[in-house]
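One structure is given here, and the rest of the page talks about it.
The values are calculated or read from the model by the stated rules, or taken from the named source; none is laboratory data. All of these numbers come straight from a predicted model, not from anything done at the bench. Here the Cβ is made from the backbone with ideal geometry for all residues, glycine too, and neighbour counts use every protein chain on show.
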Amino acid sequence: MKIAQVSPYDFTWPGGVTEHISHLSHQLIKMGHQVKILAPYSPGRASGLDPNVVPIGRSVPIPAGGSIARISLSPWIYRQVRQILREEQFDVVHLHEPMAPYLNLAVLQCSNAVNIGTFHAYHGSTRWYFWSKSILKYWFKKLDGHIAVSPAATSHVKPFFPVDYEVIPNGIDLGNFDGRAEPIPQYRDDKLNILFVGRMEKRKGLKYLLEAFGQAKWEHPNIRLIVVGPGSLDKYCQRVISERNLQDVVFAGAVDSNTLFRYYRMADIFCTPATGKESFGIVLLEAMAASKPILATSILGYSSIIKHGHQGYLVPPRDVNALAESLGILVKNPVLRKEMGARGRQAVDKYKWETVAQQVLDYYSTITEMSYGSKGSRQK
């Protein structure tokens, strides 16, 4: 099968959607399929691009949902898109965030292949959908199949585009968590390490974790909080640290993948107290793959992955006392931590990229058969 994976986001910058596309594409290639990735790019960063990427249109940074989305807004990409689709004659064109401007809409306009769309987001696109829904319906009708990465992503997009969505989750490369990553020496002491991984954005809930850590620290002075991720602390987080004179809080900043695996290796507890707007907790899969007990909030994007009391604990968002109480339980009970970590490692197997890619392929086949019909003619 000849497949195009289409990203609205600059492939020269790291991000959740581009990582998803990259892993899925490489797995599909391993399974014997031909794959090209169509994506915007930044000329100054394009030298190390994956050879399967076809760069289309320079990207510009646009604020979106508290983050920065780097997309192409050039109206001149139509000619290049039309030429590539004509030359390649893809069997399936798989568009990620298919209603995002501008590349995806150009591809939908020009594509005669079976068009599949995957909706990833639970935040950032509501305003775009609301104001543009009447216009976007034209392009949405060009999609033959509709995937969402989670129930949360489905609940986000379905009010605007009410069709049936196939839920196919994000995947994870379990080989990265096989125990070969070396622990970080300075954190191998008598302190118990609590790990947070995420951008320094309000919706990630770090301020609530800092408050809960401050409470737990009184009873458990041997705990340490390690914060990994890009961005700067907001004023509230800075004030919590200053006013409570929090000790043993380490800010590691942004790290590369290999270093991140090392942080997971030496963590005792993983905590992600997001307040909402998370479509899928990829960090939960990482913590589960690393056999770590999880303390998370009971938002839809998380509760669809872990079960309270099994792989970890789920607490209400913004509830500092509940967060501190559950943290204390895990700190005091090493046997419980080990059991929860083992259950998480067992449960994460269904998210292997091999499994996820096969689900995607099966969906391609189903939609292709529906689209072409038994006589082999396009039913569109």
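Can you name the residue in the range 254-273 that is in contact with a Gly (Cβ under 8 Å, 6 or more places away or on another chain) and surrounded by fewer than 22 Cβ atoms within 10 Å (Cβ to Cβ) and, of all such residues, is farthest from Arg345 (Cα to Cα)?
Going through the qualifying residues, I end up with Ala254.
Quick test of your reading of the structure: Ser134 fulfils all but one of (1) surrounded by fewer than 16 Cβ atoms within 10 Å (Cβ to Cβ); (2) hydroxyl-bearing (Ser, Thr, Tyr); (3) outside the structural domain of Leu24 (by TED's automatic domain parsing). Name the failing condition by number.
Of the numbered conditions (1) surrounded by fewer than 16 Cβ atoms within 10 Å (Cβ to Cβ); (2) hydroxyl-bearing (Ser, Thr, Tyr); (3) outside the structural domain of Leu24 (by TED's automatic domain parsing), the odd one out for Ser134 is (3).
Could you check the range 276-313 and list, in sequence order, the residues that are under 16 Å from the mean Cα position of the chain (by Cα) and of a type in the set (Val, Ile, Thr)?
Across the range 276-313, the qualifying residues are Ile282, Val283, Ile299, Ile305, Ile306.
Arg58 is checked against (1) over 25 Å from Gly231 (Cα atoms); (2) at pLDDT below 95 and fails just one. What number does that condition carry?
All conditions pass for Arg58, except number (1).
Could you tell me which numbered condition Ile147 fails, if it satisfies all but one of (1) among the β-branched types (Val, Ile, Thr); (2) at pLDDT 95 or above; (3) more than 30 Å from Ala347 (Cβ to Cβ)?
Going through (1) among the β-branched types (Val, Ile, Thr); (2) at pLDDT 95 or above; (3) more than 30 Å from Ala347 (Cβ to Cβ) one by one, Ile147 breaks only (3).
So, of the residues in the range 295-307 that are within 15 Å of Lys204 (Cβ to Cβ) and either in contact with a Phe, Trp or Tyr (Cβ under 7 Å, 6 or more places away or on another chain) or of a type outside the set (A, V, I, L, M) (or both), which turns out to be surrounded by the most Cβ atoms within 10 Å (Cβ to Cβ)? Break it down stepwise before answering.
Taking the range 295-307 and keeping what is within 15 Å of Lys204 (Cβ to Cβ), we get 295-297, 299, 301-302.
Filter once more, so that each one left must be either in contact with a Phe, Trp or Tyr (Cβ under 7 Å, 6 or more places away or on another chain) or of a type outside the set (A, V, I, L, M) (or both): 295-297, 301-302.
Numbers: Leu295: 26, Ala296: 30, Thr297: 26, Gly301: 26, Tyr302: 25.
The extreme case among them is Ala296.
Return the pair list, or none, for Cβ contacts closer than 9 Å from residues in the range 34-46 that are in contact (Cβ under 8 Å) with a residue 12 or more places away in the chain and closer than 20 Å to Tyr102 by Cβ to residues that are buried (at least 18 other Cβ atoms within 10 Å of the Cβ) and of a type in the set (Asp, Glu), at least 6 apart or on different chains.
Ala39/Asp10; Pro40/Asp10; Tyr41/Asp10; Ser42/Asp10; Arg45/Asp10
Against the definition (among the hydrophobic types (A, V, I, L, M, F, W, C), touching a His at 6+ places or on another chain (Cβ under 6 Å), at pLDDT 90 or above and surrounded by 15 or more Cβ atoms within 10 Å (Cβ to Cβ)), how does Val114 come out, yes or no?
Working: among the hydrophobic types (A, V, I, L, M, F, W, C): yes; touching a His at 6+ places or on another chain (Cβ under 6 Å): no; at pLDDT 90 or above: yes; surrounded by 15 or more Cβ atoms within 10 Å (Cβ to Cβ): yes.
Answer is no for this residue.
Can Val315 be described as surrounded by 18 or more Cβ atoms within 10 Å (Cβ to Cβ) and in contact with a Leu (Cβ under 7 Å, 6 or more places away or on another chain)?
On the way: surrounded by 18 or more Cβ atoms within 10 Å (Cβ to Cβ): yes; in contact with a Leu (Cβ under 7 Å, 6 or more places away or on another chain): yes.
Criteria met by Val315.
When you check Ile367 against the structure, is it free of Cβ contacts under 8 Å to residues at least 24 places away in the same chain, among the β-branched types (Val, Ile, Thr) and surrounded by fewer than 21 Cβ atoms within 10 Å (Cβ to Cβ), yes or no?
Values: free of Cβ contacts under 8 Å to residues at least 24 places away in the same chain: no; among the β-branched types (Val, Ile, Thr): yes; surrounded by fewer than 21 Cβ atoms within 10 Å (Cβ to Cβ): yes.
In short, no.
Would you mind telling me which numbered condition in (1) among the small types (Gly, Ala, Ser); (2) in contact (Cβ under 8 Å) with a residue 60 or more places away in the chain; (3) surrounded by 20 or more Cβ atoms within 10 Å (Cβ to Cβ) Gly276 fails?
Of everything listed in (1) among the small types (Gly, Ala, Ser); (2) in contact (Cβ under 8 Å) with a residue 60 or more places away in the chain; (3) surrounded by 20 or more Cβ atoms within 10 Å (Cβ to Cβ), Gly276 misses just condition (3).
Matching residues to (1) touching a Lys or Arg at 6+ places or on another chain (Cβ under 7 Å); (2) not aliphatic (A, V, I, L, M):
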residue: Phe140; (1), (2): no, yes
residue: Ser150; (1), (2): no, yes
residue: Val157; (1), (2): no, no
residue: Phe177; (1), (2): no, yes
residue: Arg180; (1), (2): no, yes
residue: Pro183; (1), (2): yes, yes
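In the range 17-33, which residue that is closer than 13 Å to Met1 by Cα and surrounded by 14 or more Cβ atoms within 10 Å (Cβ to Cβ) is farthest from the chain's Cα centre (by Cα)? Spell out the reasoning first.
Our first condition is that a residue be closer than 13 Å to Met1 by Cα; within the range 17-33, this holds for 25, 28-33.
Next cut, surrounded by 14 or more Cβ atoms within 10 Å (Cβ to Cβ) only: 25, 28-29, 33.
Details: Ser25: 16, Leu28: 19, Ile29: 21, His33: 24 Å.
Taking the candidates together, the pick is His33.
With respect to Leu246, is the statement that it is in contact with a helix residue (DSSP H, G or I) (Cβ under 6 Å, 6 or more places away or on another chain) and either of a type in the set (D, E, K, R) or farther than 23 Å from Gly344 by Cβ (or both) true?
On the way: in contact with a helix residue (DSSP H, G or I) (Cβ under 6 Å, 6 or more places away or on another chain): yes; either of a type in the set (D, E, K, R) or farther than 23 Å from Gly344 by Cβ (or both): yes.
So Leu246 passes the test.
When you go through Arg224, Arg262, Arg244 one by one, which is the residue that is modelled with pLDDT under 90 and among the charged types (D, E, K, R)? Explain how you work it out, then say what you get.
Working: Arg224 fails: modelled with pLDDT under 90; Arg262 fails: modelled with pLDDT under 90.
Within the list Arg224, Arg262, Arg244, the selection yields Arg244.
Is it fair to say Pro43 is surrounded by fewer than 24 Cβ atoms within 10 Å (Cβ to Cβ) and either under 21 Å from Ile282 (Cα atoms) or of a type outside the set (A, V, I, L, M, F, W, C) (or both)? Spell out the reasoning first.
Numbers: surrounded by fewer than 24 Cβ atoms within 10 Å (Cβ to Cβ): yes; either under 21 Å from Ile282 (Cα atoms) or of a type outside the set (A, V, I, L, M, F, W, C) (or both): yes.
Taking the combined requirement at face value, the residue satisfies it.
Does any residue in the range 284-298 that is among the acidic types (Asp, Glu) come within less than 7 Å, Cβ to Cβ, of a residue that is part of a helix (DSSP H, G or I) and surrounded by fewer than 24 Cβ atoms within 10 Å (Cβ to Cβ) six or more places away or on a different chain, and which pairs are these?
As it stands, the answer is Glu286/Tyr264, since those pairs meet every condition given.
Which residue, of Arg79, Arg86, is at pLDDT below 95, assigned to a helix (DSSP H, G or I) and exposed (fewer than 15 other Cβ atoms within 10 Å of the Cβ)? Show your work before the answer.
Working: Arg86 fails: at pLDDT below 95.
It is Arg79.
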